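Readers should treat all values here as calculations from the given coordinates under stated rules, not as data from a laboratory. None of the values given here were measured: they were computed from a predicted structure. Here the Cβ positions follow ideal geometry from the backbone for every residue, glycine too, while neighbour counts run over all protein chains shown.
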Amino acid sequence: MDLPPERAALAVERHDCPNCDAPAGSACRTRGGKTAAKYHTPRFVLVPALREELEVLVPANRHSGCAWKQGPALAVVPAPRTERPVRIGYARTSTARQELASQLELLTGPLTGIYDPNGMGAMFFAVLAVAGQIERNYIREKTLEGQVAAAAKGNHGGRPKVIDDDMLTFAVALKDKGVPVPEIAKKLTIKTGKNAGKNPSVASLYRALAEAEEAAADDGLPRRPKPVRIRRPGDPLTAEEIDLRERLQSQPHPNSEIRS
């Protein structure tokens, strides 16, 4: 938009000069304090209509080269506001399962604009925050109760075990026979999961065997089952077996009193 020199000068003088600090309503000045021959470029660049102009000359009535004097300040009257202030509401969800309907009821419904940090709105939102915290605590308690009930039924959650109970029993039996753990791992096969059909890792087998031994120690059971000797006819009795036989023979028959 082209402006005549007088109007361009008035538009430039509505701003303080960033170069010589000439206040609004006055032309630019030189280092000696006199009126400059033309306006400084940083000043007329502040006017959008003059951003492409190379220069804005000072009007003739400014008497270029004369001593600078303070001009009348331009009265800047703000334009009257015809629109009401706009309040911006914020609604969000944390997961895909949550929904925005309840929050958008609150932001655009009958309670629109009720929030005031210093008024009754603050108390209203404080009550809502307390109610939300109570609901979260209730959900947490029910979740913990469900976990306890599931654990009582043997369901502890999490990923399924790579080595199940049958595989562990077989592995313990082979270990008691002296089979090395790496060889035992090659004899086992995972039944479920993404690794179904593969052999468990040696580290997983070592960990499962260690947990089994710890569980047996906590229950008061021996860490490893004692080997059982099968007695054949004609084999001599051991000292323990002889002692047990003598103790059984020394005891009276339970029906001896009834017979007598």
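Quick rundown of the values:
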item: Packing rank of 50-58, 34-42, 192-200, where each peptide gets the mean count of other beta carbons within 10 Å, highest leading; result: 34-42, 50-58, 192-200
item: Table column - 3J(HN,Hα) (Hz), region 136-147, Karplus curve with 6.51, -1.76, 1.60, x for Gly and Pro; result: 5, 5, 5, 5, 5, 5, 5, 5, 5, 5, x, 5
item: Across Lys142/Lys187; Lys153/Lys198; Lys153/Lys191; Lys153/Lys177; Lys177/Lys198, pairs whose alpha-carbon gap is larger than 32 Å; result: Lys142/Lys187; Lys153/Lys177
